Amino acid sequence: MKLLLTSECTEDTLAIARALGEVLEPGDVVALTGDLGAGKTLFCKGIGEALGVPPDRIVSPSFVIATEHQGRLAFTHVDVYRLGSLREALEIGLDETMAGSGVCVVEWAEKVTELLPTDCIRVTFTVSGGDRRGISVVAPDQPRFEPFRVRSQRFQPGG
Ligand SMILES: Nc1ncnc2c1ncn2[C@@H]1O[C@H](COP(=O)(O)OP(=O)(O)OP(=O)(O)O)[C@@H](O)[C@H]1O
Ligand SMILES: [Mg+2]
């Protein structure tokens, strides 16, 4: 499934993220890629909210690379922006975190492409001027994503 969505404001991005969060299951990895300040952390807040994690707990980390939260499912928020090398990622056990039974959301996922599971959910952000963001979502073709597709219809062209 591939969806090309448009967010006009932070609330749109949160709504899209919450809708995706609702359909996530144990073991899912969500790989976030995109421009600086495009809304990746905000998207993590939305996913967290859907999983029952208070949004103020999801912050942009300065040194900590992975933060674990407990909601409806275990939720690990990872930001690899400051990661030096792939080896460092393995040293902190990122591969194990992603293979775990919780939900794992990774900001700057392009830095750890080699470690991403093939069936991960890929979300790519582009800043297209002002508050507008393009958000593309690629997910495995599974019926469980159908409610997400329906709920994000209003963010699709002509939707
Ligand atoms: N449509 C939008 N969707 C998301 N964020 C938006 C939107 N319009 C404006 N913004 C602003 O853009 C910023 C996004 O910040 P956020 O920390 O989520 O980005 P990020 O991609 O995680 O950044 P970084 O690259 O530093 O990790 C916020 O200040 C937010 O208010
Ligand atoms: Mg961020």
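Every number here is computed from the coordinates shown, using simple stated rules; none is lab data. Since the model is a prediction, treat every value here as computed from it, not as a measurement. FYI the Cβ positions are ideal-geometry reconstructions off the backbone, even for glycines, and counts take in every protein chain you see.
Some points to look at:
- Applying the criterion of being buried (at least 23 other Cβ atoms within 10 Å of the Cβ) and part of a helix (DSSP H, G or I) to the residues of the stretch 38-64, the residue that is nearest to ligand 1 (Cβ to nearest atom) is LYS40.
- Test: residue in the stretch 129-151 that is aromatic (Phe, Trp, Tyr), surrounded by 14 or more Cβ atoms within 10 Å (Cβ to Cβ), touching a strand residue (DSSP E or B) at 6+ places or on another chain (Cβ under 9 Å) and closer than 17 Å to ASP28 by Cβ: yes
- Residue match in the stretch 82-100 (condition: part of a strand (DSSP E or B), within 18 Å of the chain's Cα centre (by Cα) and among the hydrophobic types (A, V, I, L, M, F, W, C)): no
- Residue in the stretch 111-121 that is in contact (Cβ under 8 Å) with a residue 12 or more places away in the chain and in a strand (DSSP E or B) present: yes
- Residue within the stretch 129-136 that is in a strand (DSSP E or B) and either more than 11 Å from ligand 1 (Cβ to nearest atom) or without any contact (Cβ under 8 Å) to a residue 12 or more places away in the chain (or both) present: yes
- Taking every residue in the stretch 145-157 that is within 19 Å of CYS120 (Cβ to Cβ) and pairing it with any residue that is β-branched (Val, Ile, Thr), at least 6 positions away or on another chain, the pairs with Cβ-Cβ distances below 7 Å are PHE145/VAL23; PHE148/VAL23; SER152/ILE16.
- Qualifying residue in the stretch 6-28 (condition: β-branched (Val, Ile, Thr), touching an Asp or Glu at 6+ places or on another chain (Cβ under 7 Å) and not in a strand (DSSP E or B)): no
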